[in-house]
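Written below as structure tokens is the structure these notes are about.
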Amino acid sequence: MTKFTRVHGSRIAAPLFVLLALLAQARSEPVPPIAKNIKAEETAILLVDFQANFVSPDGAWYGKFKEHYAKTKMLDRIVELVRQARSKGVLIVHITEGYTSNYGELDPANPGLFHRGQINRGAWKIGSKEAAYYEPLKPSGGDRDLFLPPRSQASGFGGTGLSEILRGKGIKNVAVAGFTSDVCVYATVLSAYDFGFHVYALREGMVGFFDAMAEQMVNSVYPMWSHVIDNDDFDKMIEAAPGASRKASAD
């Protein structure tokens, strides 16, 4: 009797499992395709740490990236993308890193190397030459760019209120560029995704600190949290806000 029950039960369980699997498939919703177009008034470009430390010839890390700049024209190309995006009505957000003169906002005993390195170098002090912003990206009088106060966290969303600001402005899409693709840009991309924004990682607008790892991250890890895209392809996606084209022509 026991043997019969086990055999009979197994014969019932098998088709039941198949039925449940079919029902689960029937109930599942198809994943919608990635948007081909986005509205300028719902879009922001987040520029992370375009500061003299990285972009000025006398910056501490400029030499590390000099060859990359020359080869890819990264800086010139991001300036052009920002110019085009502004003319369409995209919000440009400038995110900076900076610390008070005594680093009182940091915990020097924290074993993580990120802030310990800044303290040891005496780096990124607010108002210092190396913390100065990249002049070609600064807005002109008629631009509606947003400059955030200097932050001490890796993510551009850390301690800046950025998520609330963007939501308040009706922003749904964010594109991220800057320094570096394996540190602060990555932290910003991940935060943006966690906050529910549609994230576009501007492959040509960023550079890695640890080259090999950064390349692997952009190719293999970034797609988990963002749509990795080239500058021109992102620009083509943006539908200009009503009246933006007329304003750009007038300018």
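Among the conditions (1) in contact with a helix residue (DSSP H, G or I) (Cβ under 8 Å, 6 or more places away or on another chain); (2) open to solvent by 80 Å² or more (accessible area, probe 1.4 Å); (3) modelled with pLDDT under 95, Asn37 misses just one, which is (3).
Buried (at least 18 other Cβ atoms within 10 Å of the Cβ) and touching a helix residue (DSSP H, G or I) at 6+ places or on another chain (Cβ under 6 Å): is that true of Phe179 in this structure? Yes. Among residues of region 54-67 that are over 12 Å from Gly208 (Cα atoms), those with a beta-carbon under 8 Å from a residue that is acidic (Asp, Glu) at least six positions away or on a different chain give the pairs Ser56/Glu130; Gly59/Glu130; Ala60/Glu130. Note on region 38-149: enclosed helices (runs of 4 or more DSSP H) holding 2 or more residues that are in contact with a Phe, Trp or Tyr (Cβ under 9 Å, 6 or more places away or on another chain) and under 22 Å from Lys172 (Cα atoms) are 74-88. Taking region 89-118 as the range and being over 25 Å from the mean Cα position of the chain (by Cα) and surrounded by 15 or more Cβ atoms within 10 Å (Cβ to Cβ) as the test, only Tyr103 passes.
When Gly117, Gly127, Gly104 are checked against the criterion of being within 22 Å of Asp182 (Cα to Cα) and of a type outside the set (Phe, Trp, Tyr), a single residue qualifies: Gly117.
Pick from region 146-176 the residues that are open to solvent by less than 60 Å² (accessible area, probe 1.4 Å) and on the phi > 0 side of the Ramachandran plot: which of them is nearest to the chain's Cα centre (by Cα)? Among residues in region 146-176 that are open to solvent by less than 60 Å² (accessible area, probe 1.4 Å) and on the phi > 0 side of the Ramachandran plot, the one nearest to the chain's Cα centre (by Cα) is Gly161.
From the list Tyr200, Tyr193, Tyr186, the lone residue that is in a helix (DSSP H, G or I) and crowded, with 18+ Cβ neighbours inside 10 Å is Tyr186. Kindly check whether there is at least one residue in region 99-122 that is closer than 22 Å to Pro57 by Cβ and of a type in the set (Val, Ile, Thr). No; the residues of region 99-122 include none that is closer than 22 Å to Pro57 by Cβ and of a type in the set (Val, Ile, Thr).
The values are calculated or read from the model by the stated rules, or taken from the named source; none is laboratory data. Just so you know, these numbers come straight off a predicted model, no measurement behind them. Don't worry about glycine lacking a Cβ; one is built from the backbone with ideal geometry, like all the others, and counts go over all protein chains shown. We work out accessible area using only protein heavy atoms, side chains counted, and drop any ligands, DNA or RNA first. Shrake-Rupley method; radii C 1.70, N 1.55, O 1.52, S 1.80 Å.
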